[in-house]
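Written out below as structure tokens is the structure these notes cover.
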Amino acid sequence: MVVVGIAATSLYSGCRTDFNFRPIGLSELRFSSDTVYLDTIFTRISSATYSLKVYNTSDDAVAIPNIYLDNGDHSNFRLNVDGLSGKSFQNVELLPKDSMYVYIETTADINELAQNNTQFLYEDKLHFSDVGEVTLMTLVQDAVFLYPNKNNEGIKESIPIGIDDKGNTVGIVGRYLEDNELIFTNEKPYVVYGYMGVPSGKTAVFEAGARVHFHENSGIIVGNNATIKVNGEPSTDPEAMEGEVIFEGDRLESLYNNIPGQWGAIWLTAGSTQHQFNHATIKNATVGILMDYNDETVNPTLTLKNTQIHNSAAVNLWGKTAHVYAENSVFGNAGQASFHGNIGGNYHFIHCTFANYWNKSFRSTPAVLLNDYTPIDSETNFIKPLEKATFENCIIEGNQFVEFYVEQVGTEAFNFNLNHTAIQFESSNQSVIENPFFDWENSNHYKNIIRNGTPSFVLPEKNDMRISQLSEFIQKGDATIVSQTPTDLLGVQRTTPPDMGAYQHVIIEN
């Protein structure tokens with residue numbers, strides 16, 4: 001439903017009620033814009049609300065005899081004037097030197113606009129009698145919609161995810177993908193309502209250039225013995241990212257570009273296996289990827305290459321006793337941790353950037369957090385030892401004093417190592433200073449690290465984690481591992497020795 005209204009305020013309104021409203025003259029009406037561009041929308045999904053300001057430039061009280069759309073009642077644009085919704089309005093009054101807002105929304109079905117087109121530019125004109133007009137435009141994008149079915153009682157189907165204390169099955173709204181839905185192409189974007197599940201024994205493949213948009217409380221669940229493979233490719237235009245596979249929310253307006261928590265998560269459940277993400281971008285989720293346990297083989301259960309996960313409301317990458325390998329990847333701003341290695345696990349990161357400059361709320365969690373436990377109740381913890389966590393040629397930075405932290409509750413060995421890695425860690429807490437895990441001279445944990453250096457990221461608040469020519473991390477990486485990742489996230493050849501992090505540095509002139 002469009003909420004379009006006219007708000008009129010005037011210095012005269014509090015003291016005069018005897019205005020005579022004459023018809024508006026040709027040169028007396030002015031608009032904040034001659035064209036209102038509504039951002040791209042998906043077919044059959046409502047846009048956000050846009051505004052147009054209309055000014056009476058005369059010294060007289062005037063009335064606009066008619067406000068109407070070219071396409072009349074058949075227009076896909078919706079208006080509300082002076083508290084009334086409609087497509088046309090009569091005798092709209094404006095006081096001297098006053099103004100009003102007109103708010104505009106649209107919903108359009110591309111199948112009714114243009115046959116066999118994946119996108120269509122829809123246009124109409126908003127007329128103000130014969131004294132002015134404003135063009136309204138929006139781009140309508142076709143899409144493949146995936147949503148759960150409803151039974152005869154209107155209840156949506158769900159995917160079972162566990163058993164409650166009373167032995168009842170607990171589910172989450174969504175459905176399993178059919179065999180003919182397991183390949184995601186770049187022909188049309190996909191819009192997902194609820195959680196789409198990858199059934200046991202099946203593999204969901206995302207081809208280069210695929211775009212997946214999730215509605216609120218939606219995401220992906222990969223079942224037991226099921227797999228997800230994201231086969232993105234390098235993009236020739238970093239701005240367009242045409243080869244990337246992108247997972248994000250279903251609101252296309254620029255207002256929503258960096259709003260976290262628009263959708264749920266990519267949940268790789270315990271028993272799922274052999275997941276691969278290459279040239280993927282995951283943004284604006286609650287949890288980017290949750291890797292729940294591992295497949296108990298010697299190979300990583302989750303492999304990330306050339307992947308970015310950022311702007312999650314909670315955690316970008318959350319591993320629970322997981323086995324993860326990542327290279328040339330960025331884990332950016334998040335409401336809690338950029339990466340949380342929880343309840344132990346096995347992790348190996350090469351040339352990755354963990355940078356958390358979250359500024360949307362208070363954050364108490366470091367960019368990288370490793371621990372060996374999760375609380376069961378107020379007195380009991382479930383404990384699994386950290387098998388291994390290795391960070392090589394990485395950057396761990398953020399806008400807090402401590403951005404790398406380890407917590408141990410159990411007694412078994414807690415194995416982690418940072419090699420040629422930069423970290424932000426500055427604490428005056430005596431218990432932290434005396435903690436043997438933060439003995440910077442201990443070569444079992446730290447080798448050639450840079451502590452509290454200057455990363456000089458390009459635009460960290462907007463998740464642009466490239467480093468500039470002012471960075472202290474240039475050519476500070478370990479040259480012996482360059483052969484594993486000879487090019488950076490953007491395909492730039494690495495130097496020898498290489499820069500730390502996912503990117504070789506760029507020259508910023510201004």
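In this entry, Leu146 passes the filter for residues that are under 18 Å from Trp267 (Cβ atoms) and in contact with a helix residue (DSSP H, G or I) (Cβ under 9 Å, 6 or more places away or on another chain). Can you pull out every residue in segment 69-85 that is crowded, with 19+ Cβ neighbours inside 10 Å and either small (Gly, Ala, Ser) or over 17 Å from Leu95 (Cα atoms) (or both)? Within segment 69-85, Leu69, Ser75, Asn76, Phe77, Arg78, Leu79, Asn80 qualify. Applying a threshold of 9 Å to beta carbon distances and a minimum spacing of six or more residues, or different chains, the list of pairs starting in segment 87-110 at a residue that is touching a residue at least 12 places away in the same chain (Cβ under 8 Å) and ending at one that is of a type in the set (Lys, Arg) and crowded, with 20+ Cβ neighbours inside 10 Å reads Lys87/Arg78; Ile104/Arg78; Glu105/Arg78; Thr106/Arg78; Thr107/Arg78.
Taking the stated definitions as given, is Ser46 small (Gly, Ala, Ser) and under 16 Å from His127 (Cα atoms)? The answer is no for Ser46. The residue that is farthest from the chain's Cα centre (by Cα), among those in segment 328-349 that are under 24 Å from Pro498 (Cβ atoms) and assigned to a loop (DSSP other than H, G, I, E, B), is Asn328. The criterion of at least 3 residues that are surrounded by fewer than 21 Cβ atoms within 10 Å (Cβ to Cβ), at pLDDT 95 or above and not hydrophobic (A, V, I, L, M, F, W, C) is met, among strands (runs of 3 or more DSSP E) falling completely within segment 204-289, by 227-231. Residue under question is Ser46, and the condition is that it be buried (at least 20 other Cβ atoms within 10 Å of the Cβ), out of contact with any Pro (no Cβ under 9 Å at 6 or more places or on another chain) and either among the small types (Gly, Ala, Ser) or not assigned by TED's automatic domain parsing to the domain that holds Ser129 (or both); does it hold? In short, no. If only residues of segment 260-280 that are out of contact with any Lys or Arg (no Cβ under 8 Å at 6 or more places or on another chain) and of a type in the set (A, V, I, L, M, F, W, C) are counted, the one that is nearest to Asn186 (Cα to Cα) is Ala280.
The values are calculated or read from the model by the stated rules, or taken from the named source; none is laboratory data. What you are looking at is a predicted structure, and each value in this text was computed from that prediction instead of being measured. Here Cβ is always computed from backbone atoms with ideal geometry, including for glycine, and neighbour counts include all displayed protein chains.
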